[in-house]
Amino acid sequence: MTPRPSRRRLLLTGLPIAGLLLLGACTDEHADAGGDGPRPGGRPGAGTTAPSDEPSSVCPVSGVRIRALGTNAAMGLRALGLELTNCGTADYPLYGYPSLRLLDADGTPIPVQVIEGAKGITSGFDAPPRPLTLRPGERAGAAVLWRNLVTDSTVVATSGEALEVASSTGRARQAVELDGPIDLGNTGRLGVSAWKPAEPTTPAPPPAPPQPSGAPSGPTTPDPRV
């Protein structure tokens with residue numbers, strides 16, 4: 001399976017990789033096996049998941065859309081950003097950690113240990129969850145964290161090719177588009193962090209209006225010889 005390139009890369013500038021975004025998960029055996037179908041008027045035959053490249057006009061029945069923001073890799077440490085958007089018309093309560101299900105190339109679930117706070121993987125993900133209420137159009141962020149390590153040659157390395165995410169345990173999962181495999185080596189561990197409000201986007205200032213043709217660009221100084 002060849003991963004498609006992500007449209008947006010996770011930016012780490014000015015922030016430690018451990019405090020970057022957030023992620024969450026629970027064992028998928030306890031998660032709702034159903035997916036989020038589109039609301040009426042959505043794309044026919046969209047199935048039970050909502051891929052991250054769905055048109056913005058299609059909102060899952062749950063009223064939220066989850067997508068991946070891209071993976072950053074540094075010295076064996078991987079960080080995958082997640083973004084949850086309230087695309088519905090009502091407030092959406094959110095608390096805790098995203099729930100994850102990792103799949104292989106055949107769509108078979110891969111058993112992994114999910115660590116809330118990423119203790120033992122890296123530091124900086126220990127902030128406890130707090131209740132959030134997202135109004136329509138508001139977003140929350142999270143991150144998935146892991147290391148690609150092979151410490152035992154007798155253990156087969158794990159590489160997940162697909163990821164399904166729910167806002168919390170028991171909620172319907174959505175498929176998110178990955179820009180590469182989740183290569184756990186033989187660690188079998190994923191770190192997670194709690195949902196938190198996404199940083200607001202600051203719009204770029206409008207460009208300066210063009211100068212009229214033939215007009216001077218600034219005040220002129222009279223020639224004393226005239």
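Remarks
- Extension gain, S123 to N186: 0.36 nm times the residue separation minus the Cα-Cα distance gives 20.6 nm.
- Cα-projected label distance for T154 with V61, points at 7 Å along beta-carbon direction, nm: 4.8 nm
- Charged side chains reduced to their Cβ positions (Lys and Arg at +1, Asp and Glu at -1) give the stretch 128-201 a dipole of some 460 debye around its Cα centre.
- The stretch 147-161 - phi-based ³J(HN,Hα) in whole Hz, Karplus 6.51/-1.76/1.60, Gly and Pro as x: 10, 8, 10, 10, 10, 9, 5, 8, 9, 5, 5, 9, 9, x, 9
- Whole-percent carbon and sulfur share, accessible surface of the stretch 110-208, 1.4 Å: 55 percent
The values are calculated or read from the model by the stated rules, or taken from the named source; none is laboratory data. In this text, all values refer to a predicted model and were calculated from it rather than measured experimentally. Cβ sites come from the backbone with ideal geometry, for glycine too, and all protein chains shown count toward neighbours. Please note that ligands, DNA and RNA were not included when accessible areas were found on the heavy atoms of the full protein model with its side chains. Shrake-Rupley method; radii C 1.70, N 1.55, O 1.52, S 1.80 Å.
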